[in-house]
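No lab work stands behind these numbers, since they all come straight from the coordinates. This one's a predicted model, so the numbers in the text were calculated from it and none came from an experiment. We place every Cβ from the backbone using ideal geometry, glycine too, and count neighbours over all the protein chains shown.
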Amino acid sequence: MNLLHLADGFRNRFKAEPRVFRAPGRVNLIGEHTDYNDGFVMPAAIHFATYVAVNERDDASVSVYSHTLREAFEFDLTRPGRFGGWRDYVAGTAYALQERGVKLAGANLYIDSDVPLGAGVSSSAALEVATAHALLSVAGANVDPLLIALACQRAENEYVGVRSGIMDQFVSCFGQQNHALMIDCRTLDYEALPLPPGVVLVVCNTMVKHELTGGEYNERRADCEEGSRLLGVAALRDVTLDDLRERGGTLPERVYRRCRHVVTENARVELAADAVRKHDCSRFGELMYESHRSLREDYEVTCDELDLMVDLAREVRGVYGARMTGGGFGGCTINLLAVDAVERFQRSVSDGYRARTGIQPMLYVTGAHDGAGEIVLAG
């Protein structure tokens with residue numbers, strides 16, 4: 001991201017000097033579709049981020065321009081509503097902050113991002129969190145990062161209509177350099193786990209796009225809620241695999257499989273955390289493959305392209321593990337591999353995927369990075 005171009009774009013449009021805020025996207029190493037079941041997840045913030053340049057206005061309006069999309073709109077802080085598409089992530093964040101008692105001021109926002117859209121690396125949370133930081137800055141409001149994450153989650157749930165859990169917004173706020181976060185999505189306690197030395201993360205974008213507001217995401221969540229109701233628990237976090245085996249006969253077959261994924265995935269996250277603490281990359285990789293298989297067979301959120309990406313990764317020497325990451329139905333895989341395997345991996349997976357699908361994938365080598373904050377412009 002060229003921050004000087006971002007600032008110049010803001011100056012040209014709004015004739016003022018901006019402050020600039022950044023919020024990262026994320027990859028989830030393991031723990032998929034567990035966050036909205038009060039379970040465990042293990043994401044990491046990545047270097048791709050959304051940037052928002054901002055200055056204060058003297059009225060209650062927020063004027064927004066997305067350089068990424070070449071689109072603009074304006075909304076009134078005193079009149080909550082919906083605007084459609086990406087606009088609801090921005091306006092919804094403002095309204096959700098106000099619903100939590102934060103007094104905001106009018107602002108001009110200029111947005112740019114290098115987070116791949118629709119790829120399962122949470123461009124939406126990056127937009128929400130960067131917007132929140134920008135709006136809070138001009139309002140002079142000092143707000144706990146946890147409140148920011150919760151407000152941004154509410155924006156996505158209530159204004160966009162995606163019933164997502166807290167993971168994406170949480171790690172965008174709390175991410176740490178060279179660490180994954182193991183998050184308890186019930187208590188919101190977390191542990192920062194240092195990634196083993198000598199390994200890298202590679203995100204493989206299948207270039208198959210998805211739209212989670214299409215209903216599949218919410219359908220999976222409804223299945224989990226039905227399972228919790230039939231099992232008599234507050235959330236699937238409260239169910240063990242033995243419980244499920246003993247009482248699973250009361251569940252419809254599809255609901256049983258959804259529950260089985262969540263219950264076994266929670267167990268995998270705890271085992272994966274232990275593997276990270278021991279720097280046992282091989283064990284961590286095995287758990288990643290098990291996670292993908294469960295997402296494919298029990299949760300049914302993968303697709304042919306994602307399955308192919310994982311199969312291709314498995315064939316490359318130096319790869320510890322691979323799995324889909326994000327909501328599913330397209331998007332990306334996350335791969336854990338040794339540093340000296342990167343070139344071999346990129347060549348083999350890219351060539352193999354293109355040969356089988358006719359699609360040129362995008363591969364991004366990344367590590368774990370810090371969460372949201374202000375960027376000080378040079379000069």
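In degrees between 0 and 90, to the nearest 10, how far off the longest principal axis of the chain does helix 123-139 point, with axes built from Cα atoms? The angle comes out at about 30 degrees. Gyration tensor over the Cα atoms of the stretch 98-138: the corresponding equivalent ellipsoid has semi-axes (square roots of 5 times the eigenvalues, largest first) of 23, 12, 6 Å. So if I take the centroid of the Cα atoms in the stretch 28-75 and the same for the stretch 308-345, what is the distance between those two points in Å? So the two Cα centres are separated by 26 Å. Note that the stretch 66-109 carries a Kirkwood radius of 11.2 Å, evaluated over its alpha carbons pair by pair. Projected label points at residue 15 and residue 226, each 7 Å from Cα along the beta carbon direction, are separated by 5.8 nanometres. The angle between the Cα long axis of helix 342-357 and the main principal axis of the chain comes to about 80°, on a 0 to 90 degree scale. Its Kirkwood hydrodynamic radius, worked out from the mean inverse distance over all distinct Cα pairs, puts the stretch 195-366 at 17.0 Å.
Restricting the stretch 255-325 to trypsin sites (Lys or Arg not before Pro) that sit in a DSSP loop and have at most 12 other Cβ atoms within 10 Å of their own Cβ leaves 278, 317. Under a Gaussian network description of the chain, with springs only between Cα atoms under 10 Å, the residue in 155, 60, 272 that fluctuates furthest is 60. Summary of the geometry: the stretch 104-119 and the stretch 191-206, compared by the centres of their Cα atoms, lie 26 Å apart. Over the chain, dividing the summed -39,500 (n - 2.57) contributions of all DSSP H runs of at least 4 residues by the number of residues returns a 222 nm mean residue ellipticity of -13000 deg cm²/dmol. Once C-alpha pairs closer than 8 Å and six or more residues apart are averaged by separation and normalised to the residue number of the chain, the relative contact order reads 24 percent. Using only Cα coordinates, the Kirkwood hydrodynamic radius of the chain works out to 21.1 Å. Build a GNM of the chain with springs between Cα atoms under 10 Å: which of 101, 352, 25 gets the top mean-square fluctuation? Looking only at 101, 352, 25, the biggest GNM fluctuation is shown by 101. For the stretch 184-246, the C-alpha radius of gyration divided by 2.2 N^0.38 Å, with N the number of residues, is 1.64.
When N is the residue count of the stretch 125-166, what does its C-alpha Rg come to as a fraction of 2.2 N^0.38 Å?
Working: Rg = 10.3 Å, N = 42, 2.2 N^0.38 = 9.1 Å.
Relative to the rule-of-thumb radius for its length, the stretch 125-166 sits at 1.14.
Loop-resident GluC sites (Glu not before Pro) (DSSP state other than H, G, I, E or B) in the stretch 291-369 with no more than 13 further Cβ atoms inside 10 Å of their Cβ: 315. Exposure proxy shown here: for 5, 179, the number of other Cβ atoms within 10 Å sets the order, fewest to most, as 5, 179.
With the cut-off at under 15 Å, measuring from each backbone N in the stretch 109-137 to a point 7 Å along the Cα-to-Cβ line of residue 59 picks out 109.
Say R0 is 45 Å: what FRET efficiency, to the nearest 0.05, do residue 250 and residue 354 get from their beta-carbon distance? Provide the component values of the computation, followed by the final result.
Numbers: r = 47 Å, r/R0 = 1.04.
About 0.45, to the nearest 0.05.
For the chain, a crude dipole built from +1 on the beta carbon of Lys and Arg and -1 on the beta carbon of Asp and Glu, taken about the Cα centre, is about 440 debye to the nearest 20.
The angle between the Cα long axis of helix 281-297 and the longest principal axis of the Cα atoms of the chain comes to about 90 degrees, rounded to the nearest 10.
How long are the semi-axes of the equivalent ellipsoid of the stretch 311-379, defined as square roots of 5 times the Cα gyration tensor eigenvalues? Whole Å, largest first. Don't jump to the answer; show the numbers that get you there.
Values: eigenvalues 149, 49, 36 Å².
For the stretch 311-379, the semi-axes come out at 27, 16, 13 Å.
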